[in-house]
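A quick write-up on the structure given underneath.
The values are calculated or read from the model by the stated rules, or taken from the named source; none is laboratory data. Computed from a prediction, not measured in an experiment: that's the story for all the values here. Neighbour counts are summed over all protein chains in view; Cβ atoms, including those assigned to glycine, are modelled from backbone coordinates with ideal geometry. Each accessible area value is taken on the protein alone, full model and side chains, heavy atoms only, with ligands, DNA and RNA left out. Shrake-Rupley method; radii C 1.70, N 1.55, O 1.52, S 1.80 Å.
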Amino acid sequence: MILLAVTILALAWYVLCWLGLLWSGARRAVDRLSPYTRWLHAWVLSAPATFAYVAVFTAFTLVQRTTPPHLIDVLTRVNSTNLVRLHHAPLAVLADSAMWVADRGAGLTLYILAFVTVVAWAEQRYGPPRMIVIGLSGHVLGTLLTALVELHAIEAGRASHRLAHTTDVGVSYIMVAGCVAAVLLMRGWWLVTGITALAVGVVWPVISNHTIWALGHLLAALCGLVVAALCRFLGGVRRPRDLRPCLTGPERITTE
């Protein structure tokens, strides 16, 4: 739904710009809305890694939703970061699984909102290279640590051997790592809000559900936290571009 709304708004904006060439009323509307579109354009450019990744996993999700369910189930199992797949093709499965939204694309809107707001905000301060490292640490290290827990549980007889074939795909590990990196930079009530959100979304499921997937999200968050802390310690935090001049018109943008 959010993708349809964004597409409609984008098309409506360009139609309005075209009408502005012919009709003074449309031209005035374009003049009033242009500061907001400039701000949105600047926000996207300020976090290129995040928005590029959003475009990639969104495209993969749209493919899921237009493909027969049984075929998606097969592809999900093939791209899953379970013990069997990690043993046979670790690099390929880690790369493939990072492009899939779990449960046939369920919750895509929430993923997009988290990335384009919280994770993008963090990228503006860490920079694209360090943000990529943080996201990859959550996905790769979180996945490998989860696999070690699974292997130990199977060998100790605490879990069925079927656990080695479970499906575990999705962008959520990268998302939680990016969100933790953002919370690390927050202050005041934003910090309280961020910690609360992580406690409810990441910590509580481990306590209440006791599933390997909930544990995986917690491990990914912890890996993201450690790597983000190291990035901040070694490289500091960038001062992001002030986007407020975008809302005041092109004259001020050119003079600042």
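Remarks
- Sorting 33-44, 127-138 by their mean Cβ neighbour count within 10 Å, with the most densely packed peptide first, gives 127-138, 33-44.
- Rounded, prolate or oblate (a/c below 1.5 giving rounded, otherwise prolate when a/b exceeds b/c) for the range 98-143 by Cα gyration tensor: oblate
- Length gained when the stretch Arg239-Val192 is fully extended (0.36 nm per residue, less Cα-Cα span): 14.7 nm
- Accessible surface, 1.4 Å probe, highest first, among residues Leu198, Leu45: Leu45, Leu198
- Average accessible area per residue (Å²) across the range 98-149 - probe 1.4 Å, nucleic acids and ligands excluded: 38
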